[in-house]
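Q: My structure is below; once you've seen it, I'll send some questions.
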Amino acid sequence: MIQLLAQAGQPATTFDVPANVVFAVTAVAMVLAALRMVTTRNIVHAALWLVIVLGGVGLNYLLLQAEFVAITQFLVYLGAIVVLFLFGIMLTRAPLGVSDDLDNVRHRPLGAIVGVGLLLVFGYSLIETFGGEELTFAAYERAAEANTNGRTQVVADTIFGDYLVPFEMVSVLLLAALIGAIVLARRD
Amino acid sequence: MLLNQFLLLSAILFSIGVYGVIVRRNGVLVLMSIELILNAVNINFVAFSTYWGPSGQVFALFAIAIAAAEVGVGLAIVLLIYRNRRSINVDELDELKG
């Protein structure tokens, strides 16, 4: 029992069952939701299936012990981008309810060939390259030795150290996107 | 946990997103499929950051910020197209054809 508690306090290292169960459940849910998202005939349902995929991605970040990215994912994607999509659906008066007009039926075989082909190439090269390599969290352990405030401090140090100039560029880009969206969507 | 389980999940999501971009004709749905592709890439960044330090997480954060900007401008363009043509089917935007 004491040993188990001591293990629970450690950063997860190699094969651990609960994390794999959570991964399996979220992975199956995400793949099914993504497939429904690109095949459903109801545009509002597509946005709601997208919510499941984005939430699953956030859970995967938690499994990879990247808490800050996970919280950002939940706030930005689930909080802002899905709402933007729902507004886009509403403002373009998309057909609510079932519609056959969402797909380009002629392109379905082409899309299936490209999708499956990409998946085969990716799958083959990934399995060839990384095989059964275990996630060791080596970088996290090195970071844990260097400071006491956890991995988020390391991320913050990296953003405001090595990547300060790109970070400022991102803020300029967001400002430009904001102004651009206003200019485009404004009625004259 | 294996490294490959995250990479393969990301590959599957990427391929589904590419299928969506090719097959969907509604502009908003095409943008949603692009979000799927961007998220698949982010899973890869974070998975590799467990090996090579926090740069991967920083790049994932940049990708999230840029995806937000992309959706904002993309939806503004879709709205503009809707206002001009009363339709956002991307295969009807063929005026550049000679």
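FYI, it's all coordinate maths here, none of it is from the lab. Since we're looking at a predicted model, the values are computed, not measured. All Cβ positions, glycine included, derive from the backbone under ideal geometry; neighbour counts span all protein chains shown.
Q: What length, rounded to one decimal in nm, is gained on full extension from residue A:129 through to residue A:174, with 0.36 nm per residue of separation minus their alpha-carbon distance?
A: On the way: separation 45, 0.36 × 45 = 16.20 nm, distance 3.67 nm.
Net length gain for the segment: 12.5 nm.
Q: For chain B, what is the mean residue ellipticity at 222 nm derived from helices alone (per DSSP H run of n ≥ 4: -39500 (n - 2.57); sum divided by total residues; nearest 500 deg cm²/dmol)?
A: On the way: 3 runs with 78 residues, N = 98.
It comes out at -28500 deg cm²/dmol, rounded to the nearest 500.
Q: Let me ask something else. Can you give the average number of partner chain beta-carbon atoms within 10 Å of each beta-carbon in peptide A:63-71, as a whole number?
A: Numbers: counts 5, 10, 3, 11, 1, 5, 12, 1, 0.
Average per residue, whole number: 5.
Q: Give me the distance in nm between label points sitting 7 Å out from Cα along the Cα-to-Cβ direction at residue A:167 and residue A:24, one decimal.
A: In this crude label model, residue A:167 to residue A:24 measures out at 4.1 nm.
Q: Calculate the mean, over all residues of peptide A:115-126, of how many other protein chain Cβ atoms lie within 10 angstrom of the residue's Cβ.
A: Numbers: counts 11, 2, 2, 8, 8, 2, 2, 8, 6, 0, 2, 7.
So the per-residue partner count for this stretch is 5.
Q: What does the charge count near residue B:58 come to, summing +1 for each Lys or Arg and -1 for each Asp or Glu among other residues with Cβ under 11 Å from its Cβ?
A: Values: positive: none; negative: A:157, A:162.
Every neighbour counted, the sum reads -2.
Q: Same structure, new question: Which parts of segment B:51-79 would a label at residue A:157 reach, counting a residue when its backbone N lies under 12 Å from a point 7 Å out along Cα-to-Cβ?
A: Flagged as within label range: B:54.
Q: Per residue of B:62-74, count partner chain C-beta atoms within 10 Å of its C-beta, then hand back the mean as an integer.
A: 6
Q: Okay, next question. So what is the calculated 222 nm ellipticity per residue for chain A, using -39500 (n - 2.57) for each DSSP H run with n of 4 or more, over all residues, to the nearest 500 deg cm²/dmol?
A: On the way: 9 runs with 132 residues, N = 188.
Only helices count here, giving -23000 deg cm²/dmol.
Q: Let me know the charge dipole size of chain A about its Cα centre in debye, to the nearest 20, where only the beta-carbon of Lys, Arg (+1) and Asp, Glu (-1) is charged. Please list the in-between numbers first.
A: Numbers: 9 positive and 14 negative charges, 178 e Å.
Here the size comes out at about 860 debye.
Q: Related question: Note down the nm distance, to one decimal, between modelled labels 7 Å out along Cα→Cβ at residue A:16 and at residue A:184.
A: About 4.3 nm, to one decimal.
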